[in-house]
Every structure is written in structure tokens, then in C-alpha cells.
Amino acid sequence: MKKFDSIQSFNANTNTVVTIGTFDGVHIGHRKIIDNLIEQAKTTGLKSVILTFFPHPRMVLQKDISIKLLNTIKERTDILSAAGLDNLVVHPFSKEFSRLTALEFVRDVLVNQLKIKKIIIGYDHRFGRNRTADINDLIEFGKTFDFEVEQIGAEALDDVAISSTKIRNALKEGDVEKANRYLGYEYMVGGHVVSGKGLGRTIQFPTANINVAETYKLIPQDGVYLVKARLNGEEIFGMTNIGQNPTVSDENTKKIETYFFNFDGDLYGEELQLIFLKRLRDEVKFESVEALRDQLSKDKLQSLEFIKAYQDA
């Protein structure tokens, strides 16, 4: 897959079939649309293109800093690349771009730059300045500029919306297994390992503290989770605590701390991607550090049993 960081940088050697959307999560509902796009590109001899935007339009037009996304732009790119897409265009969304008229968007962006011969789009898609144009306008533009318009049916779009809502709600409730079923893959959170206070080491459970730079990334509900990660080409499992770790800390800040099984090394500065497999329990404030250590030992035993079943599946 070729990735382009703007519409202007896209250079098409052949005509294209295009779909447009944020595709946050690239979940099983999205995959039906993407698979259709890729299949049509193959059968028609066109190149498949997804046009997406970053930042999310709501972040720019509504200053909605509370919006939380399922994927960072890198995660979204990696997943789309694995899907078999030919081209991904991630265009920087801006107020200036939002002011393009429908004609300017179709003529200058879709036709002249992306070289479309076909566009696959939802029946409820709106575009152009103030989102005044709809699918019927797009069909008329298609007649003028010689491209075909295929509508994504209401049922398919409902599947996408329902899946997105269920995934977000599941993660907010800590139900990562349900989220994973709707995603079609296991939810991930990545970041750099930063220095902590080293309190975990004092109770034989040393942790790597993950700093997630992308503040818009949706973090699962506070609690303790079974996770896996790849380190030096090997898959390692561990337990992640999301929350304030109230037994040993009085700081009112959320942390993501991971204890890896069968690993003894310094991860400071490493880039880690945690893949969430199962929620073990709520975060609890224990009466003593000893009580916390005993519970972590139980959590580890439960995790090791799950890991065996997971690997045998």
C-alpha cells in the first residue's frame, strides 16, 4: 500500500475507485466496505483509494477535544495496509478545506487529483461547504465528470454505526473481549515506556509505565487487564493496571502500568504496543501493600490459565 500525506501529493498512474470516511477502528463493519472497494478495483483494473482525514473533522470544526478515537493514525494506516488496499490518502483536515464548495471538491479533488472513475459512498454522505451537497448531487456530478457512484445501503451503514458504538461502549465498560469481537482484531494501546517510582519492584511486580502521547486515543476503563506485546520479535504476556494505583500512590493521575511475565530487563525508552485480551478485575485500593501483592499473585495465576487456553485455541 502507498500512503500519501495529502491529496496534493497523490499521483495516480491510472484511474481509481474511491471511498471516503474516517474508518476509525477499521472494524468488521468497515471491512465489508473496504473489501468491496478492493474487489471492485481488481475486477475493473482500477486502483483502490481510501480518502480519510486527520485531525478528525470534529476536532477542527467543533473544537471537540473530548472526542476519543479507537485508532491513532499510525494504527489505522497499519490495519488498512494489511487489508490489501492500494492507496491511502490521509489529508490534513482544516477549516480552509471544509470551505471547498461541492463543485470544487468533486472537480479539483476527486476528478483532477484522485482521477476517480468510481466512488463508493453512503446514501447519507454530505459534502462541500456547510455540507450542503448529498448523494443526489454527487450522482449529477458523476454524469458531468464521467464517474460512477455506488451507494452503500442503509443496512450496511447501520452495521458500521452500531459496531462503532458497541466498541466504544464496551471499552468504556472495560469489556475488551466484546470490543475485540466487533473489531475483528485485538484492541491496542501504544506508547513509550517512561520512568516511574519503582514501587512495583519493591513487591516483586516491577512495571513498565506507558505514556500514550495521543490524547485522543480511547483508553479502556480503569482496571486490571491481561495483555500481550511484542518485544525483540517475541510475544510476551503481562498484566496491565489502568488507573491511579491507589494502594501505593496518592497521585490523582491516570497511569498505564504493565507487569510482564517471565521478563527481567529495562524497558525504559522502548516503544510498546499493548494488546488487550481480557479484563481481570476492577482497580481496588487494598488495606496494605501485602494484600495488593497477594491479589497480584492471584491475578497472575488466573492470567497464566487464560494464556494456556488462548495459545491452544
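Nothing in this text is a laboratory measurement; each read-out follows from the coordinates by a stated rule. Keep in mind that this is a model prediction, so the values were computed, not measured. Using ideal geometry, Cβ is built from the backbone for each residue, glycine included, and neighbour counts are taken over all protein chains shown.
Numbers for the structure displayed
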item	result
Dipole magnitude (debye, nearest 20) for the chain, charges at Cβ of Lys, Arg, Asp, Glu	520
Theoretical ellipticity at 222 nm over the chain - DSSP helices of four or more residues, -39500 (n - 2.57) apiece, nearest 500	-10000 deg cm²/dmol
With 20 Å bins from 0: P(r) over the chain, alpha-carbon pairs, percent	29, 48, 21, 2
Length-normalised contact order for the chain - Cα pairs under 8 Å, 6+ apart - percent	16
Proxy reagent accessibility, fewest Cβ within 10 Å first, across SER6, SER66	SER66, SER6
Gyration tensor (alpha-carbon) shape descriptor, the range 2-168, a/c threshold 1.5	rounded
Order of TYR182, TYR259 under a 10 Å beta carbon neighbour criterion, fewest first	TYR182, TYR259
Selected from ILE28, PHE4, ALA41, residue furthest toward positive end of dipole (the range 1-47; charges at beta carbon)	ALA41
Within the range 1-67: Cβ-based charge dipole about Cα centre, in debye rounded to nearest 20 (Lys, Arg +1; Asp, Glu -1)	80
Stokes-Einstein D in µm²/s, Kirkwood radius over Cα pairs - the range 186-312 at 37 °C with 0.692 mPa s viscosity	222
Fewest-first ranking of GLU257, GLU148, using other Cβ atoms within 10 Å as the exposure measure	GLU148, GLU257
From phi via Karplus (6.51, -1.76, 1.60), per-residue ³J(HN,Hα) for the range 229-242 in Hz, x at Gly/Pro	8, 10, 9, 6, x, 10, 8, 10, 10, x, 10, 10, 9, 10
Efficiency of FRET between ALA12 and GLU235 - r from beta-carbon atoms, R0 45 angstrom, step 0.05	0.70
Relative contact order computed over the range 1-154 (Cα-Cα under 8 Å; 6+ residues apart), in percent	30
Amide H partners (placed H, <5 Å) of GLU270, local residues excluded	VAL193
For the range 110-117, Karplus couplings with θ = phi - 60° (6.51, -1.76, 1.60), whole Hz, Gly/Pro x	5, 7, 6, 9, 8, 6, 6, 10
